[in-house]
1. Hey, can you tell me all the residues within segment 39-65 that are assigned to a helix (DSSP H, G or I) and either in contact with a strand residue (DSSP E or B) (Cβ under 7 Å, 6 or more places away or on another chain) or on the phi > 0 side of the Ramachandran plot (or both)?
2. Would you point out the residue of segment 179-194, among those that are assigned to a helix (DSSP H, G or I) and within 16 Å of the chain's Cα centre (by Cα), that is nearest to Asn38 (Cα to Cα)?
3. So if I check each of Ala89, Ala146, Ala116, Ala59, which one is surrounded by 22 or more Cβ atoms within 10 Å (Cβ to Cβ) and either free of Cβ contacts under 8 Å to residues at least 60 places away in the same chain or over 21 Å from Lys229 (Cα atoms) (or both)?
4. Within segment 33-51, is there a residue that is in contact (Cβ under 8 Å) with a residue 60 or more places away in the chain, farther than 18 Å from Gly265 by Cβ, touching a Gly at 6+ places or on another chain (Cβ under 7 Å) and buried (at least 18 other Cβ atoms within 10 Å of the Cβ)?
5. Please go through segment 254-266 and pick out each residue that is out of contact with any Leu (no Cβ under 9 Å at 6 or more places or on another chain) and surrounded by 24 or more Cβ atoms within 10 Å (Cβ to Cβ).
6. Looking only at segment 92-113, how many residues end up being assigned to a helix (DSSP H, G or I) and without any contact (Cβ under 8 Å) to a residue 40 or more places away in the chain?
7. Looking for whichever is in contact with a strand residue (DSSP E or B) (Cβ under 7 Å, 6 or more places away or on another chain), small (Gly, Ala, Ser) and either surrounded by 15 or more Cβ atoms within 10 Å (Cβ to Cβ) or closer than 21 Å to Arg221 by Cα (or both) here; the options are Ala166, Ala184, Ala176. Which one fits?
8. Would you say Ala89 is closer than 20 Å to Glu48 by Cα, in a strand (DSSP E or B), modelled with pLDDT of 95 or more and among the hydrophobic types (A, V, I, L, M, F, W, C)?
Amino acid sequence: MQPQVPYPASTLNFSRQGSGKPLLMLHGLGGNIASWDNLAANLAMTNEVIALDLPGHGASPVTLGSSTFGGIADEVADFIRVEGLEGIAAVGMSLGGRVILEMARRGLVGATVALAPGGFWNDRERKYLKASLFASVSLVRTVRPALPFLTRFKASRAALLAQISAKPGQVPRNAALRELQSFADTPIFKDLVRDLAEGPAQQGTASTSGPVTIVWGRKDRLLLPRQAKQALQAFPEAQLHWVDQAGHYISWDAPDEVLRLIRQGIASTGSTTTP
């Protein structure tokens, strides 16, 4: 594990592109800013896209809090305050989806779109999450030197990405290689998985300062679709959208639909109701 040192939240690595209504984008566990490459340029045509590397991910340094969900959430909250982004529209996937729901619960963001957010699992699903992610990252780290070769072939991409994509063989080689290398290189991956699996569930709220949209893939093999029910119980004003042919990485499997849902979600200014 790398040395852990505290740092001001404003030194988190982030990028800005485009102009218009600001939009904060948070990637998933083991990812980085580049996880949004297939969506960010399109969104930047209508929005100022601010993509953030979560603590301990990408170019953001490992800190005292980056191996726990609570620590990451606190640092993202500090980032929002330091950068003067209170009330910003926000979208996140997986871990990032849980973080933006936490920001919504704290009243720090406006319109929120969470793609397959974590934190809504039961005890049995916690054990599955921990075991499956530990096995996956151990495998990816073992074969890391061979990833440039393995990702050249549709069959091996399908095998390596089956946990997170319903269409793993169709994931572009560059995207697959980038994400798998990021998983392998994230130093706090296992520590954070352990905290997620053993820590408290995500807290909710009956009311948020902006509308909340939750999006789930019906073929999600990591955060099982039935967890959406718990998410709606925690955020009863949220609107739930299902994507039929998508796995955990909904933005890979259904990019056009995700773009539509993000634009629809951040354009809304009123409360939403559960369908």
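The values are calculated or read from the model by the stated rules, or taken from the named source; none is laboratory data. Being a predicted model, the structure only gives us computed values, none of them experimental. Every residue, glycine as well, gets a Cβ built from its backbone with ideal geometry; the counts of neighbours run over all protein chains shown.
1. Hits for segment 39-65 are Ala40, Leu43.
2. Selected residue: Glu179.
3. Of the residues listed, the single one that is surrounded by 22 or more Cβ atoms within 10 Å (Cβ to Cβ) and either free of Cβ contacts under 8 Å to residues at least 60 places away in the same chain or over 21 Å from Lys229 (Cα atoms) (or both) is Ala89.
4. yes
5. Answer for segment 254-266, where residues must be out of contact with any Leu (no Cβ under 9 Å at 6 or more places or on another chain) and surrounded by 24 or more Cβ atoms within 10 Å (Cβ to Cβ): just Gly265.
6. Qualifying residue count for the region: 1.
7. After applying the criteria, what remains is Ala166.
8. yes
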